[in-house]
Structure formats: structure tokens, C-alpha cells
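Asks: One structure, pasted below without further comment.
The values are calculated or read from the model by the stated rules, or taken from the named source; none is laboratory data. Everything numeric here is computed off the predicted structure, so don't read it as measured data. Virtual Cβ from ideal backbone geometry, glycine too; neighbours counted across all protein chains shown. Each accessible area value is taken on the protein alone, full model and side chains, heavy atoms only, with ligands, DNA and RNA left out. Shrake-Rupley method; radii C 1.70, N 1.55, O 1.52, S 1.80 Å.
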Amino acid sequence: MAPRGAISGEVMLSGKLAGQARAEDTVFVYARQAEGGRMPLAVIRVKVADLPYRFVLDDRAALSGSPKLTAQASVVVEARIARSGQAQVSSGDLFGTVSGVKPGSGNVRLVIDQVQP
């Protein structure tokens, strides 16, 4: 069972982009504030080979010094395939976004279906 205030769901790669990702590519799944900075509140890291992946984001996955995920009214949940393996956004990264997610939400469906220009 997910901790109180956690966000859970499943992240998957769209079939139309499957040929653009390698099994060893890094996938970042994270929540960030709906308003404000792009710094993640909580993040987990997996590989494309793990997709589809059931995720749980909560305060235990928080970055040091960041506001608590569970204290937010709503957040943006994103997943990004970073071929470089680095957290910085790069042209050609594959990503998907769900906005307006309230802490405590379950069954969030996050589809990686866009390409970073």
C-alpha cells in the first residue's frame, strides 16, 4: 500500500516512439510543482527495459531541500527518457506529462508520447 499522500500509477512508452528508445536508456519519473520552478519534488529512476512500470512518488523520493510533495495542492507528473542518463533536459529526449495531479492520487496513467524539440 502506498504511503498517505503518495502518487501512484503506471508509466509506459507509446508504441509510436518505441523504436526511438533503447532498453538501457534511463527513465526519470518525477513530480514537480504545478506553479513555479521545474525542480522535481520527488523522483525515481528506472530503465526503458522496466516499462511499463508501476511507480509510487512520495516524500521518501524527495530531493534534499525540496518542498514536500504531500504539501502541494496539485503537481505535474512527468516521465522522461534521457539517452544521456543525465537529469538535464536535452533535445531528442522522449517525455510524457500529466498536469493537475493531487497528492494521494492513484492509477495515474503516464504515457511517454512526445519528443523534446
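Asks: Scan the range 95-111 and give yes if some residue there is over 15 Å from Ser8 (Cα atoms) and out of contact with any Asp or Glu (no Cβ under 9 Å at 6 or more places or on another chain), otherwise no.
Replies: no
Asks: Only residues that are free of Cβ contacts under 8 Å to residues at least 60 places away in the same chain, touching a Lys or Arg at 6+ places or on another chain (Cβ under 8 Å) and part of a loop (DSSP other than H, G, I, E, B): list them for the range 89-111, please.
Replies: Matches in the range 89-111: Val89, Ser90, Gly92, Asp93.
Asks: While we're on this one: List the strands (runs of 3 or more DSSP E) that sit entirely inside the range 1-62 and contain at least 1 residues that are closer than 19 Å to Gln88 by Cβ.
Replies: On the way: elements: 7-13, 26-33, 40-47, 53-57.
Here the list reads 26-33, 40-47.
Each row is one residue, and each column tells you yes or no for (1) open to solvent by 30 Å² or more (accessible area, probe 1.4 Å); (2) charged (D, E, K, R); (3) modelled with pLDDT of 90 or more.
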{"site": "Ser14", "(1), (2), (3)": "no, no, yes"}
{"site": "Ala18", "(1), (2), (3)": "yes, no, yes"}
{"site": "Ala23", "(1), (2), (3)": "yes, no, yes"}
{"site": "Gln33", "(1), (2), (3)": "yes, no, yes"}
{"site": "Ala49", "(1), (2), (3)": "yes, no, yes"}
{"site": "Pro67", "(1), (2), (3)": "yes, no, no"}
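Asks: Something else: Look at the range 90-114 and say how many of its residues are at pLDDT below 95, open to solvent by 30 Å² or more (accessible area, probe 1.4 Å) and farther than 23 Å from Leu69 by Cβ.
Replies: Number of matching residues: 2.
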